[in-house]
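Trainee: Here's a structure for you.
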Amino acid sequence: MSTSVDQKKEVSTEVGDGAGGFAILFFLLGLVASLIVGWVAFPKLLYSQKNQPIDFNHELHIGLVDEGCESCHFFREDGTYSGVPKLEQCIGCHEEVQGQSKDEAVFVEQYVKPGREVPWFIYAKQPECVFFSHVAHVKAGGMDCVTCHGHIGESSSLKVYEENRITGYSRDIWGKNISGIKTNTYDRMKMDDCSECHVKKGVNQSSVQTGKGACFVCHK
Amino acid sequence: MNKEHNKAKKFGMVIDLDKCTGCGSCMVACMAENNVPFKADETNKLDSITWMRVYKLTNGKSFPDADFCYLPRPCMHCEGEHGHSPCVSVCPATATDYSHETGIVSQIYTRCFGCRYCMAACPYHARYFNWWDPVWPEGMEKSLNPNVSVRMRGIVEKCSFCYHRYQLAKEKAYYEDRREIEEQEYQTACTQACPAGAITFGDLNNPEHAVHELKKNPNAFRLLERLGTNPKVYYISSREWVRLAGDNYLRQEGKSEKN
Amino acid sequence: MKVSRRTFLSIGSFIVGGAAGTALSPLPWKLTDDLSIWTQNWPWTPKPERGDVSYVNSVCTLCPGGCGLSVRKVNDRAVKIEGMKGHPVNDGGICILGLSGLQLLYGPTRVKTPLKRVGERGQGKFKKISWDEALAEAAEKLGALRAEGKSHTVACISGSAGGTVPQLLKRLLTAYGSPNFMSVPTMQDAYAVTLKQMHGIDACPGFDVENADFVLSFGSGIIEGWGSPVRMFKANSAWQDKKIKVVQIESNKSNTAAKAAKWIPARPGSEGVLALGIAHVMLRDGLYKKEACDGAAGFEDFKKWVADNYAPENIAAATGIQKETVESLAKEFAAAASPIALCGRGQGRTPGSQYEFMAVHALNMLAGNINKAGGVQIIPEPKYIAWTEPELDEIAQKGTASPRIDGAGSETYPHAKSLLNRLPQAILTAEGASPVQALLISEANPCYTLSDTQAVKKAFAKIPFVVSFSSYMDESAQNADIILPNHACLERLEDVPTFAGLSKPVIGLSKPVIKPQFDTKHTGDAVIALAKALGDKIAAAFPWESYEACLKETLGDKWEILNEKCFVAAEENIEAPLQFFTQECKTVSAEGDEKQYPFVLMPYDSIRLANGFIGNTPFLTKTVPDTVLKKNEMLVAVNPKSACGDSLSLKEGRSVMLTTPKGSAKVRVHLSEEIMPGVIAVPRGLGHTAYDKYLAGKGVNCNELIGPAEDAGSGLDAVWGIRAKLSNVSI
C-alpha cells in the first residue's frame, strides 16, 4: 500500500519537475508535425502533377491573331462555347512545322498528321453537374476572360496541370492556395465564388430555399 | 407588384387529353433527352424511373359502357399556397428548390443524399429514387445527352421541364444580343415529340404564349387542386368523368376545406 | 509493458498537439470537401462528352411510315432522334419507336461482323468470318445449286417490295434464275388486290383523312399505328379540333375506340358483313352517289345481290349489331359531304380478308369519294426504278419460267404478287427434298412474324442454306447459316418509297447520320458483290460500281433534291373506273371447335410494342404497362363476365393455361371491361427468343398460338383470331 503512495508521490514530483516541459514539447512537436503534414505534405499528396501534351505558347499566338482570345476560344452560332480549340482550327496554320520549337514538331508529327486530337488538360474544367454559360458572362454580363481565368493568355508556357486524386478536379477549382484563401477573383472557382459575384450583381436571386441564387441557374 | 416581379416567368404546360392517344412518345422523348436509365425488367412500376408517365384512367363501368382516358404526368412544378412546393419544404439538403424566376422546381443530384422525404411529400408520384446505379449496355452510352448529368445510385430525380433547354435557349439569345427568348425557343422534349400535338408548353404569365389562353378553357383542370399545391400543369378534357377523376379524393376528405 | 506516466503524457500531448495542428491546417476541411465531392462523382457514372452540336436530316426506316428525322449529334455521336419539321408525313412529330432508334443503333442486338453458324440451327452459335469469306461462301453455295439446275429452288424474303434494295434482290433472283422473290405481306397487299379487282388497275390506295368529315373505321387502329402512325395521330388531333365524327367498329375498346365519337362493338370477323349491311341501306334508300355509280361495271348486279342478302335485320345475328344502328350509321355516312371508310385491322401489318376489304371499298365507291378530296386516292405504283431488264442466260430463263413455290400469280391466286404465308406449308408438305434449297432474308423476321411460328421454324429447318442480311440478331438471323449484316438505320443510304395510306405519297431518302459502327455492309453492296461473284450474265445485270452509284443513277434528277430535302412527292393520282362485284367470298372464321374452345383469341396491336421485323427497344418495353407484362409473364385481357366453365374462376393476375388448336402457353389474366365477353385479347410483339436481355424471354409470341387462315379470294393470310380456352395451370 505504502509503496504505491510513494510511487504516486514520485510521479507527481516528476511532473512538477519536468513532465510539464515534456508535455509542452510533445504538444509542440505534434503541432508542428501536423502543421507540416497539413500545409506541406498533404497538398503534395493530394494532387498529381501532369504535364500538358504540348507546351502551348499563348503569348506568341495572341500576337498573331486578330480577335484576341475569341480567335481560338469562340462562341458557336448556337451560343455555346467552343472551349479548347480542336485540331481543325490549328491545322489552318500548322499543316507544316512552323519555327524551331520541339513542341511544334511533336504537335505536327503526332497529332496533325495522323489527325489525332490533342488530349489537353483543362485547368478551368467544371464538374459534370455544372452548367456554365460563357456567353451569359462574357456577352450578357460584360465580363472579361481574366476575371475567371487570370493571365493565362499572356503566358509563354503552360503550367503543370494538377489533378485532385480524390475528386478528379483540376486544382484551379479549389485554387492554388491550399487554405482556400484568394486574393484575386481568378484564384478560386468553387460554387461560393460564383455565388459571391451572383449575390453582388443580383443574378437570379430567386431561390425559395435560400433566398439567394436558384440552384438551376448553374446546375444541371 | 414591382417591375422585377412582373418579369418573372411561370413555365407551365397544358395537356389536351382529348388529343392524347396514350402512344407514349412523351415518355420516351423524355427518357432519351434526359439520360433516364433502364433495366432488363421494368415491370415493377414503383422502381421504374419515368419522369413523364402516362397513366390510364378508367370510368369504372362495365362493357360496353367502359371508357378510359390517358393522362401524361410530368412533374407538376407546384408553387403551393405558401410559395413553395411540398417537396421543397421537406428537403433537408437543399437539393430541391423552387425558383421565382422560372417557376421550376429544381433537383440537384449531387446535392441529394437520398432521404426520399420529397417522394413521400409529392402527391403526384412524380419523383423517383435510383435504387441501382444506371448501366448502359456497351456502346449505348454513346447516345447520352451531355446537357443533362447522368444520375447515380441513391438519389432522387424527376422532371425538370427540360431546364437545360431553357439554358441553351438563353445562351443563343445572349449570343444574338437578346435578353428574352421566344416561345418556340424553349420547348420541352415531350412537347416537341408529341405526335398528336396534345402538349402545349410556355410561360403561363405571358399573354402572348399559347398556354396563357388555353389554361382558361372551361374544360381545364389541374390534379388534386384542393391540396393547394398550385400545379403548373393543366389538363383539358371534354369528358366530365375525366375532370372529376382529376380531383380524386376519398369521399369523406377535404369537403369542408373547399370554400 | 508498463507505460510510464511520462510516456503517457508525452504521447497524449503529441496527439493533442497533432490534433490542434491538424485543425489549424487545411487538411480536415479540404479532405471533408473532397470526400463529399468524391461521393458525388463515382467513376463508373458516365460523363457524356460535350462538343459541337449539329443536326442531320434523314428518313426513318423502322416502320413503313416514312417519317422525316432530325438527328441531334454531339461531335460524332448521335444523341437524340427528333421529328423533322416541315416533312409532309410527320412535320416534327415522332413516334415512340423512332424516338428510341438510337437504342437499336448502339444496342447490344447488333450483328457486328459477318457470321457463320457453327452450332446446330437456331442454337445461336456463330463464328466471326471476313466479308470476303462470307460472300465467297454464299456465292459458292448459290453457284453450285445453279450448276445443278436448281436455280428455281432459291427464294428471297424481303421486308418490302418497294425501293432499290428489294428490287436489287429481286433482280439478283431473276438474273440467277428464280421466280421466288417474296415480300412480307401487309394490308397494302390486300388493298392492291382490292384495287385490281374493283378498278382493274395496279395501284396503291391513299386516304385523304385530313379532309374527310366522317370517318368510318372497320377495326383500323387509327391511333395504334395504322398506316403511317404519326400522320394518323396528327389527323386524329385535327378531327378533334374540327369535331369530325369517327365511328370505330371493333369488338374490343381499343385506344382508337376510346377516342372515337362512337364505338360499335361488332362481333369479330363480321366487319365485312356489316359494311354490306350499310351498303344495303344506302342502295335501298338511294343514299349513294348516283353520278359516280350508275352505269358502273357490275353495279346493277351488286345492287341486287346486296338487296337480297344484306338487309340490316338479316345480318343482326352475324354482327351482333341492331338494325337501327346499321340504319342510322348508313344515313350518317351518306349524309356527310366527304365520308371515308377505312379497313385493315389494327396496325394493318397483316393483310386480312379480301371480302372485308372489298365490302369496305364498295362503301367508298357508293359514297363517290374515289379520287375526291377527303376520299380514297388511287395512286400508281412508283416508277422511278426503271432499270433495263436483265439479260437472262439459258438457266435463268428456265428457272424464272418455273412456277412459284408460294403459288402467287397462278390460276388459283391470279392477283397476288407474293404469298409468303403459303411458303411454310409448301415446304412442309413437299415430298422429298425441300422445294427451297436456299433462302435469302432481308429486313424481315419470318421466324417471328408469320402465323404458326412453330411450323415456320420446322419449314426453316428443312431449308439447307439460309442467308440473313439482318442488322440485328433476330429470330430469323439466329436460324440462318450465314449472316451478312446490313448497316443499321441512320448508318445507311437508302431510298424509302412511302405509301402507307398517305394521300400524297413521298419518296424519302434515308441518309447516313453517323459512320457505320461495326464491320457491316450495305445490303445493296452485298447483293452487287454476290452478283459479281456469280459472274457472267448475272454480273452483267449489275453494272454498278457500288450501291450508291446505283441509287444515284436510279434517282437521276431527283438525287439532288432528295439529298437536300430528304423527300420528293411521288406520282399523281390515276383515273380509276369503278367495277362492282357479286362473288360471294366466305367470311374468315376463327379456327377451332366452339365447344372445345369457348373463347376467341384476338391479337391486338399497340404502338408501344414493335411487332414486326424491328423488335422492341428497352425504352419501349419500359413503357409497356404492368397490366400487359409483369416480370417475364404476359397478361391477356379478358372480360370478367366471360363464361369459362365451372372449374376456373377468373381473377386478376391469376396464372392460367391458354390453349388454342395451334399451341398453349402459360399466361396471367388481366380482367378488363374494355374487352368483349368471350374474347381473349393478346398483345402482339412479345415473346421474342432472340435479341438481348431487354427483350428476349418476355411473354409469349401470339403468332405461336394462331395459324394462318388463307383467304379464299386473294390467298393472303386473313387470320384475325383463333378459338381458345383457358384452364387451370397444372402443378
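Here, each number is a calculation from the coordinates, and none is a lab measurement. This one's a predicted model, so the numbers in the text were calculated from it and none came from an experiment. With ideal geometry, Cβ positions are generated from the backbone for all residues, glycine too; neighbour counts draw on all protein chains shown.
Trainee: Which whole-Hz couplings ³J(HN,Hα) result when phi for each residue of the range C:202-217 is put into the Karplus expression 6.51 cos²θ - 1.76 cosθ + 1.60, θ = phi - 60°, listed in order with x for Gly and Pro?
Mentor: 7, 7, 10, x, x, 10, 7, 5, 5, 9, 6, 10, 7, 10, 10, 10
Trainee: Given a Förster radius of 35 Å and the C-beta distance between B:Trp241 and C:Ser647 as r, what FRET efficiency does 1/(1 + (r/R0)^6) yield to the nearest 0.05? It would help to have the intermediate numbers written out before the result.
Mentor: Details: r = 37 Å, r/R0 = 1.06.
Step by step, r from the Cβ atoms, then E = 0.40.
Trainee: Relative to the Cα centre, what is the charge dipole magnitude of chain A, using +1 at the beta carbon of each Lys and Arg, -1 at the beta carbon of each Asp and Glu, and rounding to the nearest 20 debye? Mind dumping the intermediate values first?
Mentor: Numbers: 22 positive and 28 negative charges, 163 e Å.
Taking the Cα centre of chain A as origin, the dipole is about 780 debye.
Trainee: I would also like to ask the following. In nanometres, what is the gap between the two model label sites at C:Asp285 and C:Thr113, each 7 Å from Cα along Cα-to-Cβ?
Mentor: 7.1 nm
Trainee: In addition: Sorting check: for C:493-501, C:538-546, C:106-114, which peptide has the highest mean count of neighbouring beta carbons within 10 Å, and how do the rest follow? Mind dumping the intermediate values first?
Mentor: On the way: C:493-501: 23.8, C:538-546: 17.3, C:106-114: 21.0.
By packing density, highest mean first, the sequence is C:493-501, C:106-114, C:538-546.
Trainee: Once the Cα atoms of helix A:191-201 and of chain A are each reduced to a long axis, what angle between those two axes, in degrees from 0 to 90 to the nearest 10, is obtained?
Mentor: The two axes meet at around 70 degrees.
Trainee: Summarise the partner chain shielding of B:102-115 as one whole number: the mean count of Cβ atoms from other chains within 10 Å of each residue's Cβ. Kindly include the intermediate steps, with their values, before the conclusion.
Mentor: On the way: counts 5, 1, 2, 2, 8, 3, 7, 6, 10, 4, 1, 3, 0, 0.
Per residue, the number of nearby Cβ atoms from other chains is 4 on average.
Trainee: I need the trypsin sites (Lys or Arg not before Pro) found in the range C:383-418, filtered to DSSP loop residues with at most 11 other beta carbons within 10 Å of theirs.
Mentor: Working: sites: C:Lys383, C:Lys398, C:Arg404, C:Lys417; in loops: C:Lys383, C:Arg404, C:Lys417.
Passing sites in the range C:383-418 are C:Lys383.
Trainee: Here's another thing I want to ask about it. For the range A:50-158, what D do you get in µm² per second when you plug the Kirkwood radius from alpha-carbon pairs into Stokes-Einstein at 37 °C and 0.692 mPa s? Mind dumping the intermediate values first?
Mentor: Numbers: Rh = 15.4 Å.
Calculated translational D: 214 µm²/s.
Trainee: For the range C:95-110, in order, what is each residue's ³J(HN,Hα) by Karplus, 6.51 cos²θ - 1.76 cosθ + 1.60 with θ = phi - 60°, in whole Hz (x at glycine and Pro)?
Mentor: 8, 4, 6, x, 4, 9, x, 5, 6, 7, 4, 9, x, x, 8, 5
Trainee: Counting only DSSP beta bridges with both residues in the range C:599-728, tell me the antiparallel percent, nearest 5.
Mentor: Values: 18 of 28 bridges.
So the antiparallel bridges amount to about 65 percent of the total.
Trainee: Pop a pseudo-label 7 angstrom from the Cα along the beta-carbon direction at both C:Thr429 and B:Asp177 and give the gap in nm to one decimal.
Mentor: Here the answer is 8.0 nm between the modelled labels.
Trainee: Given the protein assembly as shown, what percent of its DSSP beta bridges are antiparallel, to the nearest 5? Display every interim value, and only then the final one.
Mentor: Values: 76 of 122 bridges.
About 60 percent, rounded to the nearest 5.
Trainee: Using a ≥ b ≥ c from the Cα gyration tensor of the range C:53-105 (square roots of the eigenvalues), is it rounded, prolate or oblate, where a/c under 1.5 gives rounded and otherwise the larger of a/b and b/c decides, a/b for prolate?
Mentor: Numbers: a/c = 2.23, a/b = 1.34, b/c = 1.67.
Oblate.
Trainee: Let me ask something else. Going by how many other Cβ atoms sit within 10 Å of their own, how do A:Tyr161, C:Tyr288 line up, fewest first?
Mentor: Numbers: A:Tyr161 19, C:Tyr288 24.
Fewest-to-most Cβ neighbours within 10 Å comes out as A:Tyr161, C:Tyr288.
Trainee: With a/c under 1.5 counting as rounded, go ahead and sort the range C:1-130 into rounded, prolate or oblate using the C-alpha gyration tensor (a ≥ b ≥ c being the square roots of the eigenvalues; past the cut-off, prolate if a/b is larger than b/c, else oblate). Please list the in-between numbers first.
Mentor: Working: a/c = 5.56, a/b = 2.28, b/c = 2.44.
It is oblate, given that a/c is not under 1.5 and a/b is not larger than b/c.
Trainee: Can you put C:Phe233, B:Phe63 in order, fewest other beta carbons within 10 Å first?
Mentor: Values: C:Phe233 28, B:Phe63 19.
Sorted ascending by nearby Cβ count, the order is B:Phe63, C:Phe233.
Trainee: Still on this structure, please answer the following. At what distance in angstrom do the alpha carbon centres of the range C:589-659 and the range C:661-687 lie from each other?
Mentor: That distance is 2 Å.
Trainee: Cα centroids of the range A:58-78 and the range C:411-438: how far apart, whole angstrom?
Mentor: What the calculation gives is 70 Å, centre to centre.
Trainee: Given H placed 1.01 Å from N in the peptide plane, which residues other than close sequence neighbours of B:Tyr70 have an amide H under 5 Å from its amide H?
Mentor: It is B:Leu57, by chain and number.
Trainee: Something else now. Sequence-distant or interchain residues sharing an amide H contact under 5 Å with A:His219, placed H: which?
Mentor: HN-HN under 5 Å from A:His219: A:Phe131.
Trainee: Give the calculated FRET efficiency between A:Lys44 and C:Glu389 to the nearest 0.05, with a Förster radius of 60 Å applied to their Cβ-Cβ distance. Spell out each step's value before the answer.
Mentor: Numbers: r = 81 Å, r/R0 = 1.35.
The formula returns an efficiency of 0.15 here.
Trainee: Could you give me the ³J(HN,Hα) list for the range B:211-227, computed from phi with Karplus coefficients 6.51, -1.76, 1.60 and θ = phi - 60°, whole Hz, x at Gly and Pro?
Mentor: My calculation for the range B:211-227 gives 4, 4, 7, 4, 5, 8, 3, x, 8, 7, 8, 10, 7, 6, 4, 5, 6 Hz in order.
Trainee: Once you put a point 7 Å from the Cα of C:Ala311 and another 7 Å from the Cα of C:Glu49, both along the Cβ direction, what distance in nm separates them?
Mentor: Each label point lies 7 Å from its Cα, and together they span 7.7 nm.
Trainee: Check which residues have an amide H placed less than 5 Å from A:Met189's amide H, if you skip close sequence neighbours.
Mentor: A:Trp174, A:Gly175
Trainee: Mind jotting down the distance between the C-alpha centroids of the range C:242-271 and the range C:310-334, whole Å?
Mentor: Answer, in whole Å: 15.
Trainee: How would you rank C:Ile11, C:Ile223, going from fewest to most other Cβ atoms within 10 Å of each one's own Cβ? Let's see the in-between values first.
Mentor: Details: C:Ile11 13, C:Ile223 28.
Ranking C:Ile11, C:Ile223 by Cβ neighbours within 10 Å, fewest first, gives C:Ile11, C:Ile223.
Trainee: If you don't mind, there's one more thing I want to ask. Would you mind getting me the FRET efficiency between C:Ile561 and C:Gln583? Use the beta-carbon distance for r and R0 = 41 Å, nearest 0.05. Intermediate results must be reported in sequence, preceding the final value.
Mentor: Numbers: r = 45 Å, r/R0 = 1.10.
That gives a FRET efficiency of 0.35.
Trainee: Which angle from 0 to 90°, rounded to the nearest 10, does the C-alpha axis of helix C:164-176 make with the longest principal axis of chain C?
Mentor: 70 degrees
Trainee: Evaluate the charge dipole of the protein assembly as shown about its Cα centre and quote only its size in Debye, nearest 20, assuming +1 on the Cβ of each Lys and Arg and -1 on the Cβ of each Asp and Glu. Don't skip to the answer; put the middle values down first.
Mentor: Working: 134 positive and 137 negative charges, 744 e Å.
So the dipole magnitude of the protein assembly as shown works out to roughly 3580 debye.
Trainee: Among C:Gln354, C:Gly344, C:Asn486, whose Cα lies farthest out toward the positive end of the dipole of chain C, if unit charges sit on the beta carbon of Lys, Arg (+1) and Asp, Glu (-1)?
Mentor: Farthest along the dipole direction, towards plus: C:Asn486.
Trainee: Helix C:323-335 versus the longest principal axis of chain C: what angle, 0 to 90°, nearest 10, using Cα atoms?
Mentor: The answer is roughly 90 degrees.
Trainee: With a ≥ b ≥ c the root eigenvalues of the C-alpha gyration tensor of the range C:76-153, is it rounded (a/c under 1.5), prolate (a/b larger than b/c) or oblate? Kindly include the intermediate steps, with their values, before the conclusion.
Mentor: Working: a/c = 3.17, a/b = 2.04, b/c = 1.55.
Judged from the Cα gyration tensor, the range C:76-153 comes out prolate (a/c at least 1.5, a/b above b/c).
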